[in-house]
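Below: the structure, in structure tokens.
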Amino acid sequence: MTRYPETMNYRAIETLSFGDFTAPHNEKADIWSIGAILYEMLTGQILFEGNHSLIKALEFCGPVPENVLQQIDHKMSREFLRKKSQNFVRVDFINKLSSECRPWLKEEIEKNSEELRDFIDRTLVFDQEIRMSVDEALAHDFLSEVREIEKETIASQSIVDVGETSIEEWKRRIWEFIQTNHV
């Protein structure tokens, strides 16, 4: 799980700081990023691009649910999002993808539209309790044709995030992890 994701365009709402507060989050924050990256792969466009990526997220994903707003401890931020949320409804990602996808993918998107719609709809959801888990994403019908379960390796442990770590240190730690765990 990413502890301090740096790129705003791919950050789940629960990883954003509101004043001195950041909501508790888990690996489902990375699932949000997967949905945003998948959209970018299919269209060549960054979904939540710009200085106001949270507003862009509202434009595409609709209003932030009240239970998520209640988790934001910073009152001004919570009220700002509550007010802004009223202006938006969730888009139909398949319609958006069909009109904005890379031309050579249009037929594939239309062929797999129901699985793709469900996959994106379950990744790009503000409420992390509803957002699908890593296991659910891997078992999803959208990935069933390309997944090769017999070739998968599940590591017996995780790489622990120790905070401010350089890229070189991450490379070293990942390589050591792969060799130690036979991944």
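The values are calculated or read from the model by the stated rules, or taken from the named source; none is laboratory data. Predicted model, so just to flag it, every value in this text is computed and none were measured. All Cβ positions, even for glycine, are placed from backbone atoms using ideal geometry, and neighbour counts span all protein chains on display.
Details
- Taking residues in the stretch 152-177 that are touching a residue at least 40 places away in the same chain (Cβ under 8 Å), and partners anywhere that are of a type in the set (Lys, Arg) and assigned to a loop (DSSP other than H, G, I, E, B), the pairs with Cβ atoms closer than 9 Å and at least 6 places apart or on different chains are 161/3; 163/3.
- Members of the stretch 124-146 that are in contact with a helix residue (DSSP H, G or I) (Cβ under 7 Å, 6 or more places away or on another chain), among the charged types (D, E, K, R) and free of Cβ contacts under 8 Å to residues at least 60 places away in the same chain: 141
- Residues in the stretch 123-136 that are buried (at least 20 other Cβ atoms within 10 Å of the Cβ) and in a helix (DSSP H, G or I): 123 alone.
- Of the residues making up the stretch 6-23, not a single one is modelled with pLDDT of 85 or more, surrounded by 13 or more Cβ atoms within 10 Å (Cβ to Cβ), in a helix (DSSP H, G or I) and assigned by TED's automatic domain parsing to the domain that holds residue 143.
- Flag if residue 180 is at pLDDT below 90, surrounded by 10 or more Cβ atoms within 10 Å (Cβ to Cβ) and among the hydroxyl-bearing types (Ser, Thr, Tyr): yes
- Looking at 46, 72, 94, 109, just one residue is more than 20 Å from residue 10 (Cα to Cα) and buried (at least 16 other Cβ atoms within 10 Å of the Cβ), and that residue is 109.
- When the helices (runs of 4 or more DSSP H) confined to the stretch 34-103 are screened for residues that are touching a residue at least 40 places away in the same chain (Cβ under 8 Å) and either closer than 21 Å to residue 143 by Cβ or touching a strand residue (DSSP E or B) at 6+ places or on another chain (Cβ under 9 Å) (or both), those reaching at least 1 such residues are found at 53-61, 75-85, 93-100.
- Residue, surrounded by the fewest Cβ atoms within 10 Å (Cβ to Cβ), within the stretch 137-177, restricted to residues that are among the small types (Gly, Ala, Ser) and under 24 Å from residue 12 (Cα atoms): 163
- Across the stretch 86-100, the number of residues qualifying as at pLDDT below 90 and under 19 Å from the mean Cα position of the chain (by Cα) comes to 4.
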